[in-house]
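Participant: Before anything else, here's the structure in question.
The values are calculated or read from the model by the stated rules, or taken from the named source; none is laboratory data. Predicted model only: the values in this text are computed from it and were never measured. Positions of Cβ are backbone-derived with ideal geometry, glycine not excepted, and every protein chain shown enters the neighbour counts.
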Amino acid sequence: MLLNWGIYYEFFNNARIGYNSFTSYEIGKNILLINSEAVFRRSLTYRIFPIETFFRWRPNIELNFTLAPIWGRARIEMDTTPGDKTDDWNYFITSFGGSANPVSDMGATDAMVSDWIGYSSLLGFRYYVNTRMGVDVKAGFMNNQYKASEWRIQRQKVTGPELKIDDLPIFSIKIICGLR
């Protein structure tokens, strides 16, 4: 399930352009590391730039078709406890006459990031409840060019997790609010 928000601009009487952001989150403990209490956070964000054309079938009913390039980003953050970090901070603090009680335990958060491109195509149905509100239902697919070998952590290339995010089906229900 992806959280979504978006904005559209109708630039012609039957065409819109826009921006959508679909995001998935996961938070948990790293079970792959033995004797580790490291907490990780994973997010997948699909930034979608839709070009949509539509046809008003009835005054309150619209059929639409969307093509969209995608810029995707995956991010994994992990909280760790590095060994030398406390010594470095204690030396720094005492160098200018700092605290008599040393820092004993510190954590750090590093992030591993990967970017990719893709595309999406959707067919939709929109019902206008009134002139400013509607319900939009769409179905289609999303195809991504994700590669596990394209991850970066602190500017170094690393191999990340194998994610099966190509040829994904999409089913979306949205509530539309319009401004005039």
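Participant: With respect to I61, determine if the residue is modelled with pLDDT of 85 or more and either within 22 Å of I175 (Cα to Cα) or not hydrophobic (A, V, I, L, M, F, W, C) (or both).
Facilitator: When the stated conditions are applied, I61 passes them.
Participant: Continuing with this model, one more query. Which residue is nearest to I165 (Cα to Cα), if the candidates are limited to region 137-150 and must be outside any loop (DSSP other than H, G, I, E, B) and in contact (Cβ under 8 Å) with a residue 60 or more places away in the chain?
Facilitator: N144
Participant: For I165, indicate whether it is under 26 Å from R56 (Cα atoms) and either free of Cβ contacts under 8 Å to residues at least 12 places away in the same chain or surrounded by 15 or more Cβ atoms within 10 Å (Cβ to Cβ) (or both).
Facilitator: Taking the combined requirement at face value, the residue does not satisfy it.
Participant: Shifting gears a bit: Pairs please, first residue from region 1-26 and over 17 Å from L122 (Cβ atoms), second anywhere and surrounded by fewer than 14 Cβ atoms within 10 Å (Cβ to Cβ) and polar (S, T, N, Q), Cβ atoms under 9 Å, 6+ apart in sequence or on different chains.
Facilitator: From region 1-26, the pairs are F12/T53.
Participant: Could you please give the count of residues in region 105-157 that are closer than 15 Å to I76 by Cβ and out of contact with any strand residue (DSSP E or B) (no Cβ under 9 Å at 6 or more places or on another chain)?
Facilitator: Of the residues in that region, 1 qualify.
Participant: Condition first: without any contact (Cβ under 8 Å) to a residue 12 or more places away in the chain and of a type in the set (A, V, I, L, M, F, W, C). Now tell me which residues in region 56-74 satisfy that.
Facilitator: W57, the sole residue that qualifies.
Participant: Can you find even one residue in region 101-111 that is under 22 Å from I17 (Cα atoms) and at pLDDT 75 or above?
Facilitator: Looking through region 101-111, none of the residues is under 22 Å from I17 (Cα atoms) and at pLDDT 75 or above.
Participant: Condition first: surrounded by 13 or more Cβ atoms within 10 Å (Cβ to Cβ) and among the aromatic types (F, W, Y). Now tell me which residues in region 1-24 satisfy that.
Facilitator: Y8, Y19, F22
Participant: When you go through S114, S149 one by one, which is the residue that is among the hydroxyl-bearing types (S, T, Y), at pLDDT 85 or above, out of contact with any Pro (no Cβ under 8 Å at 6 or more places or on another chain) and surrounded by 15 or more Cβ atoms within 10 Å (Cβ to Cβ)?
Facilitator: S114
Participant: What about Q154, is it surrounded by 10 or more Cβ atoms within 10 Å (Cβ to Cβ) and either of a type outside the set (G, A, S) or in contact (Cβ under 8 Å) with a residue 12 or more places away in the chain (or both)?
Facilitator: no
Participant: Something else now. Could you please find all residues in region 152-171 being part of a strand (DSSP E or B), at pLDDT 85 or above and either in contact with a Leu (Cβ under 9 Å, 6 or more places away or on another chain) or of a type in the set (S, T, N, Q) (or both)?
Facilitator: If the condition is that a residue be part of a strand (DSSP E or B), at pLDDT 85 or above and either in contact with a Leu (Cβ under 9 Å, 6 or more places away or on another chain) or of a type in the set (S, T, N, Q) (or both), then I170 is the only one that fits.
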